[in-house]
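Read-outs: derived from the displayed coordinates by stated rules, not from any lab. Quick caveat, the model's predicted, so the values are computed rather than measured. When we count neighbours, we look across all protein chains shown, and the Cβ atoms used for this are built from the backbone with ideal geometry, even at glycine.
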Amino acid sequence: MLDIHPIVVHFPIVLVVLALFLQILGVVKRLPMKMSDAPLWMMYFAAIAALIGVASGYRATEIIGHDAPGHDLVHQHRNIMLWFTGLLTGGSILHLLVKKVQTPIYRLVLLTCSAVIMIIGAGKGGKLVYEHGIGVMKSETAIEKTSNINDRSHLDDSPHTH
């Protein structure tokens with residue numbers, strides 16, 4: 001079965017960062033009317049994408065199993081990203097339904113807090129991939145190619161074969 005988690009998780013990251021950037025611009029300097037709703041819509045779409053990321057993350061955990069290296073880190077990553085998703089989704093729903101919180105400052109605080117939590121959780125996810133190889137298929141060809149790390153034959157233009 002295809003693991004879509006590595007594909008899906010990048011959407012809320014990008015959307016939150018862009019929404020925060022535009023919201024800061026909107027608070028510091030007035031955005032043109034056509035752009036003033038952009039951070040709001042990015043925030044809503046980021047919340048939806050984060051929910052999909054959580055669902056795909058649970059599926060990815062089932063695929064790798066409980067014996068995978070770094071499994072404790074999987075739990076840390078999951079817990080932090082659940083806080084991120086809950087804050088962003090709950091805050092977005094509140095913003096949508098309660099007129100009093102429909103302010104640029106509320107969005108700025110919500111996006112800033114969400115971004116901080118997201119960065120911590122995403123860092124844990126990155127460690128799972130780059131330090132523990134979670135979600136990365138081991139390829140015998142890749143292992144063979146990297147087995148002789150001191151081989152300098154590719155550093156010059158001399159002819160060679162593989």
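Brief remarks on what is shown
- Highest average packing first - 68-79, 27-38, Cβ atoms within 10 Å: 68-79, 27-38
- Dipole of the stretch 5-145, positive direction: furthest Cα of HIS5, MET33, ALA60, with charges on the beta-carbon: MET33
- Three-way shape call for the stretch 1-139 based on the alpha-carbon gyration tensor, with the a/c threshold at 1.5: prolate
- A Förster radius of 30 Å combined with the Cβ-Cβ distance from MET33 to LYS100 puts the calculated FRET efficiency at roughly 0.85.
- Basic side chains Lys and Arg get +1 at the Cβ, acidic Asp and Glu get -1 at the Cβ, and with that the dipole of the stretch 5-145 about its Cα centre reaches some 760 debye.
- Counting beta carbons within 10 Å around each of TRP83, TRP41 and listing the fewest first gives the order TRP41, TRP83.
- This ranking places TYR58, TYR44 by how few other beta-carbon atoms lie within 10 Å of each, fewest first, which gives TYR58, TYR44.
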